[in-house]
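*Asks:* I'd like to ask some things about the structure below.
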Amino acid sequence: YILAVPSVQAYWVLLTILFVHHPSKWFNASLPRIMQRFLGSVMGLILFWPLVYVTLPTYGWVTLSFLFSIPIFLFVRDNYFIAITFITLLVMTIISLYRQMSLEILLERGIDTFVGILMVMVSHMVIFGLRKVIHQQKNK
């Protein structure tokens, strides 16, 4: 996907895989984290959407970055969905500091996040499926 789609932000897929992939003994333990990552990212992109049309001075974006970073530390252990929502808001704000944000970039982030999460889910299904087959063969 990264090589096939000419996207400047294709590294977002790799970051998504890094954040979502949570090695666990059981696939069911990772599934809620995967869904929270996806839904938190979508919520963050939706909440950032109106800011695409706002022109702020540098200190305005820096202030927003600071404000968006606080909930990350408050919720990262107790509510991963909220933490990911604010991580997405923070990243989009930081990107807005060095380049003009557009709806196109926002959409690319959403697609890249979806592709990364899909890759993690498929890999988990394959790994845990193989683990189950191996475990069944050992018990015969």
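Throughout, read-outs are computed from the coordinates displayed, never taken from laboratory work. Note that this is a predicted model, so its numbers are computed, not measured. Virtual Cβ from ideal backbone geometry, glycine too; neighbours counted across all protein chains shown.
*Asks:* For Ser69 paired with Leu14, estimate the spin-label separation in nm (one decimal), with each label point 7 Å from Cα along the Cα-to-Cβ line.
*Replies:* Distance between the two pseudo-spin positions: 2.4 nm.
*Asks:* Could I ask something else about it? Kindly rank 36-46, 72-82 from highest to lowest mean number of other beta carbons found within 10 Å of each residue. Intermediate results must be reported in sequence, preceding the final value.
*Replies:* Working: 36-46: 20.0, 72-82: 14.1.
The most tightly packed comes first, giving 36-46, 72-82.
*Asks:* Provide the packing ranking of 57-64, 92-99, 106-113, i.e. peptides ordered by the mean count of other C-beta atoms within 10 Å per residue, highest first.
*Replies:* Numbers: 57-64: 13.5, 92-99: 16.5, 106-113: 19.0.
Ranked from most to least packed, the peptides come out as 106-113, 92-99, 57-64.
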